[in-house]
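Remarks on the structure that follows.
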Amino acid sequence: MVEPSILAQALINGLLLGGIYSLVSVGLTLIYGVMDIVNFAHGAFMMLSMYLTFWLFVLFGVHPLISLPIAFIVFFAAGMAVQRTIIQRALEGPMAAQMLVTFGLLLIIENSALFSWSALVRTISVDYSNLTFFLGSISISAPRLIAFIAAIIASLLLHLFLTKTDLGLAIRATAQNREAARLAGINIKFIYSIAFGLGLGLVAIAGNLVATFYYITPSAGTPFLLAAFVVAVLGGLGNYVGALFGGLIIGIVESMAGTFLLPAIRQLVYLAVFYIILVTKPEGLLGKTFERKA
Amino acid sequence: MSGMTNFRIFSNIILLAVALILPLLPLDPFMLNAIIFTFLYAHASLAWNIVAGFAGQFSLGHMAFFGIGAYTSSLLFIWYGVTPWIGMLAGAGLAALISFFIGLPSLRLKGHYFVLITIAFGEILRLTFLNWDLVGGSIGIWYPVMPDSLYYFQFHDDRRPYYYIMLGMLLVNLAIAYAIKRSRIGYFLAAIRDDEIAAQTSGLNIAKYKLIAFMISAALTAPVGTFYAQYVLFVYPDDVMSIPLMVYIMLPAIVGGLGTVSGPLIGALILVPTAEYVRAYMGGVAGMQLIMYGVILVLVVLIMPRGLVGSLRRTKLGMSIGKYISLV
């Protein structure tokens, strides 16, 4: 018989984790939806943002919540630059370039981090790091709750941006039909760089948020990247609303598996979910909102 | 035309003779080791090339098949005393079976789904093995040292048998890759790679042929893992099923020429000795080698996506070299 409080605790833990997964996945799937590129370096950029937050805190005493907008702006700009200089060339190149260029970036970024900062595990300790709330017998850690709330706000802001602004509309139009968007006078290359910048900006926020309660190492982005792959497929590749809900689902599934099965096989559950989705519903749970027609 | 072909046969015989005589020269252990690893990665890269280059389906999970080969033969020997040669075949069979189940749902869909599930499979297998004590977990498998014999697949006093075994495996793999490329399946795969929709509308069962390529590729990758386990006598998830290993597997084919038979070997001949020297002289610097490989990967796919062989074949120089050495 499962203790209800353990179940509730696992549910809460999973939900809080899932919020971060959502934010990481939303960026990944936005990039995919707009330009048909799987960004294997997504987790590596998240790791860089964790280090940015760490160094700003250690060297200049900048509070992680203050470095959050800094991380977003820095990575948004970096994303636009990377898109202009490297990704755009790959998009104009053959299939191999489109499939492998971000994998190359992942290698360069992760190993440059290892080269520069070593594999040493670093953590940030802020005033609320050890603060915990209690809801009955359920404990909720403050940094995780803050991260969850901020992640959900960021995802909702993205939704507002994509649905309510002209630029957002142009991004969605490009995702739906590249050629028609071009004919309607949309500057496709500009939209690509905005989308890549936004994707990195969002994952930078995720990196900034987890930096207060997660181990910071050069490979710290990998588990998030793996989760984001599963979430993106679950929600439908390219569907950012699906990714938002998919992130919460995968967070809960992982937490449940870690609590009631074995912690060691948490990630094996991903593979099971991935597989079931591919076999039964490859277009994702919600179907597609970004239907490519050209 | 037949005159040129005779030249090619002649040059191939010369190359083979050189390869056979090489270990009889007084090589130092470092050199012998570098050549064995060159052949090892050439083999793995050639196997990967069958699905990635011939069929255009970019598996980023081939390190898992390498690992399955290494673990299957090692565990069969340690648990049941089965000779690694049988273990090698068992590993290849298991890799083919697993690739069937991974490829079946994902190869029906767009290429991205296949890439995602293969890399996710590879990383999740690594993490699972790291936490799974039954198969050595985070301690790994320390292979028991046995007397030198072909049955035990261990050679300590004289390491040259390893060289000849790896060379033999590579030659078999080259023959298989060449046969596939020249067969009906090879032409079907090229058609699928170049224009999937056109191949489909002309009535080709594209999912079936992609799946065949993936299974052959996986089955040919696993034996390299078995060889590695016998050669190094230590099996550890971060060595035999990691992302860096995936890079070592794919880079020779990308540099040499995706979709070619000779490309992975030529790529390995350039990359692996260079990497071994870098490791020997700058070994202490963490990440250096992989930064270098990452830069090479990005530059090659952006600037020279056909690789050395693919680009050379189209030039005048390449055509005249092609008379003597087959640039398939």
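Give me a count of the residues in the range B:286-307 that are more than 7 Å from chain A (Cβ to nearest Cβ), without any contact (Cβ under 8 Å) to a residue 12 or more places away in the chain and among the β-branched types (Val, Ile, Thr).
The initial filter retains those residues of the range B:286-307 that are more than 7 Å from chain A (Cβ to nearest Cβ), namely B:289, B:292, B:296, B:299-300, B:303-304, B:306-307.
Checking the rest, the ones that are also without any contact (Cβ under 8 Å) to a residue 12 or more places away in the chain come to B:299, B:303-304.
Cutting the leftovers down to among the β-branched types (Val, Ile, Thr) gives us B:303.
Of the residues in that region, 1 qualify.
Of the residues that sit in the range B:305-328 and are assigned to a loop (DSSP other than H, G, I, E, B), closer than 24 Å to A:Gly93 by Cβ and more than 21 Å from the chain's Cα centre (by Cα), which one is modelled with the lowest pLDDT?
Only one residue fits best here, namely B:Arg314.
Cβ-Cβ distance below 8 Å, separation of 6 or more or different chains: which pairs start in the range B:128-147 with a residue that is at positive phi and end on one that is in a loop (DSSP other than H, G, I, E, B) and at pLDDT below 90?
Short answer, once both residue conditions are applied: B:Gly137/B:Asn131.
Condition check ((1) part of a helix (DSSP H, G or I); (2) within 27 Å of B:Gly186 (Cβ to Cβ); (3) within 14 Å of chain A (Cβ to nearest Cβ)) across all residues:
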| position | (1), (2), (3) |
| --- | --- |
| B:Leu27 | no, no, no |
| B:Tyr41 | yes, yes, no |
| B:Phe65 | yes, yes, no |
| B:Thr72 | yes, no, no |
| B:Leu75 | yes, no, no |
| B:Ala90 | yes, no, no |
| B:Ile98 | yes, yes, yes |
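A:Glu283 versus (1) surrounded by fewer than 21 Cβ atoms within 10 Å (Cβ to Cβ); (2) assigned to a helix (DSSP H, G or I): which is the lone unmet condition?
(2)
Among the numbered criteria (1) under 23 Å from B:Leu40 (Cα atoms); (2) modelled with pLDDT under 90; (3) touching a helix residue (DSSP H, G or I) at 6+ places or on another chain (Cβ under 7 Å); (4) away from every other protein chain (no Cβ under 13 Å), which single criterion is violated by B:Tyr281?
Of (1) under 23 Å from B:Leu40 (Cα atoms); (2) modelled with pLDDT under 90; (3) touching a helix residue (DSSP H, G or I) at 6+ places or on another chain (Cβ under 7 Å); (4) away from every other protein chain (no Cβ under 13 Å), only one is false for B:Tyr281: (3).
Within the range B:308-318, identify whether any single residue is surrounded by fewer than 23 Cβ atoms within 10 Å (Cβ to Cβ) and within 11 Å of chain A (Cβ to nearest Cβ), and answer yes or no.
yes
Condition check ((1) crowded, with 18+ Cβ neighbours inside 10 Å; (2) at pLDDT 90 or above; (3) farther than 30 Å from B:Pro244 by Cα) across all residues:
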residue: A:Ser116; (1), (2), (3): no, yes, no
residue: A:Leu131; (1), (2), (3): no, no, yes
residue: A:Leu145; (1), (2), (3): no, yes, yes
residue: A:Ala151; (1), (2), (3): yes, yes, yes
residue: A:Thr165; (1), (2), (3): no, yes, yes
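Among A:Val253, A:Val230, which is within 9 Å of chain B (Cβ to nearest Cβ) and hydrophobic (A, V, I, L, M, F, W, C)? Please lay out each step first, then the result.
Details: A:Val253 fails: within 9 Å of chain B (Cβ to nearest Cβ).
Only one candidate qualifies: A:Val230.
Of the residues in the range A:236-290, how many are aliphatic (A, V, I, L, M) and within 19 Å of A:Gly199 (Cβ to Cβ)? Working first, answer last.
Pass one, the range A:236-290, residues aliphatic (A, V, I, L, M): A:237, A:241, A:243-244, A:248-250, A:252-253, A:256-257, A:261-262, A:264-265, A:268-269, A:271-273, A:276-279, A:285-286.
This time we only want the ones that are within 19 Å of A:Gly199 (Cβ to Cβ), so: A:237, A:241, A:243-244, A:250.
So the answer is 5.
Counting just the residues of the range A:257-279 that are at the interface with chain B (Cβ under 9 Å from one of its Cβ atoms) and hydroxyl-bearing (Ser, Thr, Tyr), which one comes out nearest to A:Val230 (Cα to Cα)?
Ranking the candidates gives A:Tyr270 first.
Using the structure shown, decide if A:Phe196 is of a type in the set (Phe, Trp, Tyr) and surrounded by fewer than 23 Cβ atoms within 10 Å (Cβ to Cβ). Break it down stepwise before answering.
Details: of a type in the set (Phe, Trp, Tyr): yes; surrounded by fewer than 23 Cβ atoms within 10 Å (Cβ to Cβ): no.
No; evaluated as a whole, the condition is false for this residue.
All but one of (1) closer than 23 Å to A:Ile186 by Cα; (2) surrounded by fewer than 21 Cβ atoms within 10 Å (Cβ to Cβ) hold for A:Tyr51, so report the exception by its number.
(1)
Go through B:Leu251, B:Leu220 for me and flag whichever is surrounded by 23 or more Cβ atoms within 10 Å (Cβ to Cβ), more than 25 Å from B:Tyr164 (Cβ to Cβ) and within 14 Å of the chain's Cα centre (by Cα).
Working: B:Leu220 fails: more than 25 Å from B:Tyr164 (Cβ to Cβ).
After applying the criteria, what remains is B:Leu251.
Checking the structure you have, find out if any residue of the range B:238-251 is in contact (Cβ under 8 Å) with a residue 40 or more places away in the chain and closer than 16 Å to B:Ala55 by Cα.
Within the range B:238-251, one or more residues are in contact (Cβ under 8 Å) with a residue 40 or more places away in the chain and closer than 16 Å to B:Ala55 by Cα.
Evaluate the following for B:Pro252: is it at pLDDT 95 or above and either closer than 21 Å to B:Leu127 by Cα or out of contact with any strand residue (DSSP E or B) (no Cβ under 6 Å at 6 or more places or on another chain) (or both)?
Values: at pLDDT 95 or above: yes; either closer than 21 Å to B:Leu127 by Cα or out of contact with any strand residue (DSSP E or B) (no Cβ under 6 Å at 6 or more places or on another chain) (or both): yes.
Yes, satisfied.
Within the range B:100-153, take every residue that is under 17 Å from B:Asp238 (Cβ atoms), of a type outside the set (S, T, N, Q) and not in a helix (DSSP H, G or I) and give me the one that is nearest to the other protein chains (Cβ to nearest Cβ).
Looking at residues that are under 17 Å from B:Asp238 (Cβ atoms), of a type outside the set (S, T, N, Q) and not in a helix (DSSP H, G or I), I get B:Trp132.
Select the helices (runs of 4 or more DSSP H) contained entirely in the range A:42-102, then report the ones holding at least 1 residues which are more than 11 Å from every other protein chain (Cβ to nearest Cβ). Explain how you work it out, then say what you get.
Details: elements: A:42-60, A:64-82, A:88-92.
Of the helices (runs of 4 or more DSSP H) lying wholly inside the range A:42-102, those with at least 1 residues that are more than 11 Å from every other protein chain (Cβ to nearest Cβ) span A:42-60, A:64-82.
Which condition from (1) surrounded by fewer than 24 Cβ atoms within 10 Å (Cβ to Cβ); (2) in a loop (DSSP other than H, G, I, E, B); (3) within 16 Å of the chain's Cα centre (by Cα) is the one that A:Phe213 breaks?
(3)
Can you tell me which condition B:Asn49 does not meet? The list is (1) farther than 22 Å from B:Gly256 by Cα; (2) in contact (Cβ under 8 Å) with a residue 12 or more places away in the chain; (3) within 14 Å of chain A (Cβ to nearest Cβ), and all the others hold.
Among (1) farther than 22 Å from B:Gly256 by Cα; (2) in contact (Cβ under 8 Å) with a residue 12 or more places away in the chain; (3) within 14 Å of chain A (Cβ to nearest Cβ), B:Asn49 violates only (1).
Of the residues that make up the range B:225-236, is at least one in a loop (DSSP other than H, G, I, E, B) and over 29 Å from B:Phe121 (Cα atoms)?
Filtering the range B:225-236 for residues in a loop (DSSP other than H, G, I, E, B) gives B:233, B:236.
Going one step further and asking which of them are over 29 Å from B:Phe121 (Cα atoms), we end up with none.
So far as the range B:225-236 goes, no, none of its residues is in a loop (DSSP other than H, G, I, E, B) and over 29 Å from B:Phe121 (Cα atoms).
Among the residues of the range B:114-139, write down those that are crowded, with 18+ Cβ neighbours inside 10 Å, at pLDDT below 90 and among the hydroxyl-bearing types (Ser, Thr, Tyr).
Hit for the range B:114-139 is B:Thr128, nothing else.
The values are calculated or read from the model by the stated rules, or taken from the named source; none is laboratory data. Predicted model only: the values in this text are computed from it and were never measured. Counting neighbours? That spans all protein chains shown, and the Cβs are built from the backbone with ideal geometry, glycine included.
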